[in-house]
Amino acid sequence: MDRTAFLLRELLEHPDITQRALADRMYLSLGGVNALFSSAVKEGLIGSASAGTGGRRAFVTEAGLSYLEPFRMDGAVIMAAGFGSRFRPLTFDTPKGLLKVLGERMLERQIRQLHEAGITDITLVVGYLKEKFEYLIDKFGVKLLYNPDFAEKNNISSVYYARKLLYGRNMYLLSSDNWMRENMFHAYEPGAWYSAAYAPGATKEWVLDFNKKGIITRVRVGGQGAWYMYGPVCLSREFSAQLLPQLEEDFSAPGREQYYWENVYMDLLREKKGKAGMPQMAVNRQPADQVYEFEDLEELRAFDPYYQDHSDNEAMELISRVLQVPQSKIRNICCPKSGMTNQSFVFSVDGTSYICRVPGPGTEMLINRREEYDSLKAAEGLGITEKVVWFDPEKGYKISVFYENSRNADPESPEDMRQCMALVRRLHESGLKVGHSFDLRERIAFYEKLCLESGGIPFEDYSLVRQQMDALLDLLDRLDRPRTLCHIDSVADNFIFTPSGLRLIDWEYAGMADPLIDIAMCAIYSYYDESRTSRLMQAYFGRDASPAERDIVRCYMALGGFLWALWAVYKENIGKPFGEYTLIMYRYAKDCYRAVRAAGVLPLAPGS
């Protein structure tokens, strides 16, 4: 931290500032500021002129401005790629940085503050809901930079993809969801710094140790009565020259996918401690009410009264209306593991816990909510479904009782799967009927059409595999199998062991179908091999499956794998990646087809 540059910057921005005020800002003694001031005067960096009242006013000379030039800020990178998970459901459709605080979007406030300091070269690193930021190009002249790894890696990825903007430049590195009361940005910065807040008691934040000059010497997790990392960062070109080469190396290192860029800095400090070349970054100590990083909706409600009974969020407004309570009563919001089709969150009202399902992007194309509603209502009398409080058969929103102290079925537990298959068989033998079917041939054709319209199907051998699936469909048609009400999505995650008994949730695909399809769907979602699938069939039948039953289940495993591979391709085409799931499902299609053919029931089928 260059103290002379700090002094000149303060004089330039506050011509009437006193030396005592300078001492407070610079964390120096009054004598130290006097000595620094005198030295700058001798070097011709500071001059004085009549103030018009018999006194003199200091000013920064041309030489002083030349001295400041290497410290001029070149721009800002704002990280805006994350999910904002702890702010769900508000962030289901709005990035956290675009939420309003006291009537102004947090990100827009930061951009405005940067502009006020003369910083106009601003790049947003985007990922989740990236299209929501596009309007800022026209409104503020910012640039957007896409982070393709935002879903798999932590903020190290955003800095990695912005690294070319940081090399050789003085840049602010900001988070889109920070809110600063006063403008912290300047045309000149005397060196690299990290904003910090003070915790008088115990804290689990990243705590800073620093020397008498304010230079950070160590970063550690947790402390007592300490300054901790909180808010904006200033990266000098010298600091970035030391940080970025190591960050580039760590970005590709196995096991560091969840690294923050601060982890790289922490490691460098540890490695260079007491040695030459330690990265020089100062602590920028801020008052307690200056920087805010709202952790969740409760913190925002405490800060901005508007959010007590308003959220501008469809799901929250729905809950308020259905349960007839003000939004302030909707508390303890948290999100379980994300589903593959929908977005959900758990909340409580007056001591009762609920879960609200919000349909995911593109699901209106994939799910017939009226048919889901009919299947759910038909099965309710068996006492095996979740307790649904409200269901919208048009949009698909659903509010259900959330079962505390419950767990998902474990696909590796034979006893769990025995109970799950017993419940499925009870459903199949109930005699319940609905007016719609789950038609694999129709669904495959439909998903195929969606894929082709949204970006194509990437498998090289798709045409051959499609013919093989048609052969399996033709075989099942000839067998004319019995049809019952089936769940279709009878996977381990949809079986919930609750204190009141085993429940089967998520009836989105349910309809009339061959009961053996439910065994197949459970097997492929659990990634079962041949032997575990045999045990699953034994759990369902209460005996060893016959060769014919085994072949039929294999047919459905192949067709189910093919169907869900197409489903995943479509989801990826519209921007929701599914990783290895797509490959695994496609492999089930091919391997199970070969097993059926090897059994001799498809003598005229194509391929091998």
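The values are calculated or read from the model by the stated rules, or taken from the named source; none is laboratory data. On a predicted model such as this, the values are computed, not experimentally measured, just so you know. Note: ideal-geometry Cβ built from the backbone for every residue, glycine included; neighbour counts use all protein chains shown.
For the range 170-206, filtered to residues that are polar (S, T, N, Q) and surrounded by 18 or more Cβ atoms within 10 Å (Cβ to Cβ), the residue that is farthest from V125 (Cα to Cα) is T203. Restricting the range 479-510 to residues that are at positive phi and touching a Gly at 6+ places or on another chain (Cβ under 9 Å), the residue that is surrounded by the fewest Cβ atoms within 10 Å (Cβ to Cβ) is G501. In the range 117-125, the count of residues that are under 13 Å from F140 (Cβ atoms) and among the hydroxyl-bearing types (S, T, Y) is one or more.
S66: touching a helix residue (DSSP H, G or I) at 6+ places or on another chain (Cβ under 8 Å) and surrounded by fewer than 16 Cβ atoms within 10 Å (Cβ to Cβ), yes or no? No; evaluated as a whole, the condition is false for this residue. Only strands (runs of 3 or more DSSP E) whose full extent lies in the range 316-359 are considered here, and none of them has at least 3 residues that are in the same structural domain as M585 (by TED's automatic domain parsing) and at pLDDT 90 or above. Restricting to the range 527-583, give me the number of residues that are assigned to a helix (DSSP H, G or I), farther than 16 Å from I488 by Cα and of a type in the set (F, W, Y). Going through the range 527-583 one residue at a time, the tally reaches 3. Here A151 clears all of (1) of a type outside the set (S, T, Y); (2) modelled with pLDDT under 95; (3) under 19 Å from W261 (Cα atoms); (4) not in a loop (DSSP other than H, G, I, E, B) except the condition numbered (4). Scanning the range 254-276 for residues that are under 19 Å from A151 (Cβ atoms) and free of Cβ contacts under 8 Å to residues at least 60 places away in the same chain yields P254, G255.
Here's the yes/no breakdown for (1) in the same structural domain as I517 (by TED's automatic domain parsing); (2) crowded, with 19+ Cβ neighbours inside 10 Å; (3) at pLDDT 95 or above; (4) assigned to a helix (DSSP H, G or I):
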site: E372; (1), (2), (3), (4): no, yes, no, yes
site: L376; (1), (2), (3), (4): no, yes, no, yes
site: W390; (1), (2), (3), (4): no, no, no, no
site: E415; (1), (2), (3), (4): yes, no, yes, yes
site: Q419; (1), (2), (3), (4): yes, no, yes, yes
site: A422; (1), (2), (3), (4): yes, no, yes, yes
site: F446; (1), (2), (3), (4): yes, no, no, yes
site: E453; (1), (2), (3), (4): yes, no, no, yes
